[in-house]
Amino acid sequence: MELRRRPRVHSVDSFVHAYHQAFSNRHCPSTHTVYRDINAGVLSLRNSDLPMKLRRRIKGSGSQYVRVNQHVLGQSIAERPASVDDRTKIGHWEGDLVKGKQTQDEPALMTLTERVTRFQIIFKIPNYHADTCRQGLQTILADYGVTHFKSITFDNDGSGAKIIKGAI
């Protein structure tokens, strides 16, 4: 019994590569150029004749992904009051979380930096869940006294917005 073999059909990309290897001294168009010529009808091929063309998923330059469920978590840092932004009064702080591995149960560092004096408070928290971060901030406020903190500005990410909510 004779087995019939289909001859190996090159994709455009593998054909361009094989042509470039075999005839390196000749000009060889890029894969993109060959596909563009096929789409324009310059070559006598159609997209349905190509083995891989219908499987290729190339990200188009015109279509961009729009996040549907994007949450607005609070006021942007750029919108903070001018009295906080000009760094003339002591007591305005910036907060941030320093994360190691990107798993939820890894320890993290909460940093608070005073904007005028650049004094820093660094506090280790067991994970970076919003409740843990809020408890860490409340501990810092209790240890140093609330009178030293006129405002605390966190980044407008998920953890920063949830820390502020109900912390003070």
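Quick note: the coordinates plus some simple rules give every number you see, no bench work behind them. Owing to the predicted nature of the structure, the values given are computational and were not obtained by experimental measurement. Glycine also receives a Cβ, built like all others from the backbone with ideal geometry; neighbour counts cover every protein chain displayed.
Computed over the Cα atoms of segment 81-164, the ratio of the radius of gyration to the Kirkwood radius (Rg/Rh) comes to 0.97.
Each of F149, G95, A108 was scored by the projection of its Cα onto the charge dipole of segment 81-164, and the greatest displacement toward the positive side belongs to F149; charges sit on the C-beta of Lys, Arg, Asp and Glu. By the count of neighbouring beta-carbon atoms within 10 Å, fewest first, V34, V146 end up ordered V146, V34.
Bridgeable aspartates and glutamates around K150 (alpha carbons under 15 Å apart, same-chain partners fewer than 8 residues away excluded): D85, D86, E94, E114. The antiparallel fraction among DSSP beta bridges confined to segment 81-164 stands at about 75%.
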